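Worksheet for the structure shown next.
The values are calculated or read from the model by the stated rules, or taken from the named source; none is laboratory data. Source: prediction; values computed, not measured. No Cβ is skipped: glycine too gets one built from the backbone with ideal geometry, and neighbour counts run over all protein chains shown. When the accessible area is computed, the model is the full protein with side chains, heavy atoms only, and any ligands, DNA or RNA have been set aside. Shrake-Rupley method; radii C 1.70, N 1.55, O 1.52, S 1.80 Å.
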Amino acid sequence: MTKSMMPLRGLAALAALSIAKPLAAEPAPSPSTAAEAVDPATIPMPELRFTPDAEAERNYFKYFYFHRDDTDFATAYADIRECDGYARGLSYFEYHDPTPYIIQYGVLPGVIGGAIGSALADAIFASAERRRQRRISLRTCMGFKGYRTYGLPKGLWERFNFDEGNQAPEPGERVRMLRLQARAASGPRPQIGEMSQ
Amino acid sequence: MNFARIGLVLLAFVAGAAPAATRNQIGEREAFTIEPNKAYIFFRSERRLPYQLLREVTPAQRAAHESERNAAFVRARRSYERNLALWQERQRGCAGSQAGQCSAPRPTPVTEATFTYPPPEMDNFVAISDRPRLTAEENGWSGYLVAVDPGTYILYGQLMAVPNAASFGTCVCMGAVKFEARGGGVTYVGEVGMAPEEIIGRPDLENFRVGPLMTVTPFAPSMPMPPQLAGRPVVPAQLHAADRMPNFFGVLISRLAPVPGVLAYERDRVIDLAGQGETASGN
């Protein structure tokens, strides 16, 4: 496969079939952004307390967050960024290769398709399928890393989480929420909402 | 209900409707000569599915790619500067008007942070279609033979990337195997199958289970040898663990099941059991 043959992404949803999702071209984070140290004391703990009810439990599969015991913020943040990258089809994570080529690549569909690719993909690809794929990829990636998954009511979940749908969050907002997710992932073990792995 | 298997059926269906197979994929009745400058990879698959192999990027290739990228960046930067100058000139003539070209947005800056360029890996993928097959066994297994450039290859995933269209399937981006394929002979990888039912990942949100997608069983002398390979130089693949890789096609992600003596995991950390030392990955 050559550069000229790189695939566009996106098409009709098929149950349980992984179909690559389209994303508008957007810049990759700079290596300095990826590597900067974040003081967890500056990141507020998201509100995770709620009274479980049937309605919330029915939607845990859509609205969830992660936690792993004995995990510091920096580790959780690196894990969450990596898995967010996987779910987006990016290559953020810090490869063991010291050459940071990967971080500079950005979103591949933006390279190939540009406006044409995005418009075509958006016309034929359902945002619901894109959200579904993101959820599966996140749970797979974080699951392999040993994180447990916990459900939340939608209202609490939206305060520090996002789904790609047909519009990705602004880069600054993405970073803010990923940090909040890392704060939750590295905090006290949740007492409610645990989901099966 | 095994949604992973349903997904495979759908993937096979779509693969069957895909464009013609890789031209270097050799069919059952196809005469072929082992060329010294080509490597030949053979494996048996439990399912008729498309796969992607990824040839590892060599240092020389990466250096050449970096030069190309830098040159492309310079060109893009110059183009942006020309467009910006043109836009600014037009704006000066608009005197506050928003009509026509006056409403055109400011060109997006081209910087190192915003410039996108495909990684060198994109030149190194080898697509294996579900057809043609070298062998079609009565038990439903298929044998695939593909001629490639010599190098080290990673089993990247069970997926299909249709040129200028979409990508389907799952990559084993979070843990795979790799092997060297040398020119002038056939490298028999072994068998590629689905992970056992009791551990296979379930990509079904309401009944989700994290787990591997596929298994690889290294070559063993008891494995069938296709008649087309009789008398040809065939060597067993020396499998090693392959570390985590980017999701180049934006498909779902998974990993191979552990392979005794080859591949193991500590959470997401890929462990190479075959003598090259631990791969540095995971936290």
Check your understanding: Can you name every residue in region A:40-85 that is assigned to a helix (DSSP H, G or I), within 12 Å of chain B (Cβ to nearest Cβ) and touching a Leu at 6+ places or on another chain (Cβ under 8 Å)?
Key -> A:77, A:80, A:81, A:83, A:84
Point to revise | Among residues of region B:65-103, those that are touching a residue at least 12 places away in the same chain (Cβ under 8 Å) and open to solvent by less than 60 Å² (accessible area, probe 1.4 Å), counted | key: 10
**Study point:** Subset of region B:142-159 [open to solvent by 10 Å² or more (accessible area, probe 1.4 Å) and more than 25 Å from residue B:241 (Cβ to Cβ)]
**Key:** B:147
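Answer with yes or no whether residue A:116 is under 26 Å from residue B:61 (Cα atoms), of a type in the set (Val, Ile, Thr) and either at pLDDT below 50 or not in a loop (DSSP other than H, G, I, E, B) (or both).
Numbers: under 26 Å from residue B:61 (Cα atoms): no; of a type in the set (Val, Ile, Thr): yes; either at pLDDT below 50 or not in a loop (DSSP other than H, G, I, E, B) (or both): yes.
Answer is no for this residue.
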Practice item. Considering only residues that are outside any strand (DSSP E or B) and closer than 19 Å to residue B:238 by Cβ, look in region B:173-208 and name the one that is nearest to the chain's Cα centre (by Cα). Key: B:175
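If you scan region B:171-194, which residues turn out to be small (Gly, Ala, Ser), modelled with pLDDT of 95 or more and open to solvent by less than 20 Å² (accessible area, probe 1.4 Å)? Give the derivation first.
Just the residues of region B:171-194 that are small (Gly, Ala, Ser), to begin with: B:175-176, B:181, B:183-185, B:190, B:193.
Okay, now just the ones that are also modelled with pLDDT of 95 or more, so B:175-176, B:181, B:183-185, B:190.
B:175, B:176, B:181, B:185, B:190, listed by residue number.
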Exercise for review: Scan region B:209-232 and give yes if some residue there is within 12 Å of chain A (Cβ to nearest Cβ) and outside any loop (DSSP other than H, G, I, E, B), otherwise no.
Suggested key: yes
Point to revise | Given (1) touching a Phe, Trp or Tyr at 6+ places or on another chain (Cβ under 6 Å); (2) open to solvent by 10 Å² or more (accessible area, probe 1.4 Å); (3) within 22 Å of residue B:257 (Cα to Cα), index of the condition residue B:197 fails | key: (1)
Study note, to complete from the structure: Output for Cβ contacts, cut-off 8 Å, separation at least six or different chains, first residue within 12 Å of residue B:188 (Cα to Cα) in region B:217-237, second open to solvent by 40 Å² or more (accessible area, probe 1.4 Å) and part of a loop (DSSP other than H, G, I, E, B), reads B:218/B:261; B:224/B:137; B:234/B:225; B:235/B:182; B:236/B:219; B:237/B:219
Point to revise | Residue satisfying all of: in region A:141-172; within 11 Å of chain B (Cβ to nearest Cβ), touching a residue at least 40 places away in the same chain (Cβ under 8 Å) and open to solvent by less than 30 Å² (accessible area, probe 1.4 Å); nearest to residue B:254 (Cα to Cα) among these | key: A:141
Review point. Modelled with pLDDT of 95 or more and open to solvent by less than 10 Å² (accessible area, probe 1.4 Å), is that true of residue B:220?
Key: no
Review point. Within the group B:44, B:5, which residue is under 30 Å from residue B:211 (Cβ atoms), at pLDDT 95 or above and not in a loop (DSSP other than H, G, I, E, B)?
Key: B:44
Practice item. State whether one or more residues within region B:127-138 are out of contact with any Phe, Trp or Tyr (no Cβ under 6 Å at 6 or more places or on another chain), of a type in the set (Gly, Ala, Ser), crowded, with 20+ Cβ neighbours inside 10 Å and farther than 19 Å from residue B:244 by Cα. Key: yes
Exercise for review: Would you point out the residue of region B:104-136, among those that are in contact (Cβ under 8 Å) with a residue 40 or more places away in the chain and of a type in the set (Lys, Arg), that is farthest from the other protein chains (Cβ to nearest Cβ)?
Suggested key: B:133
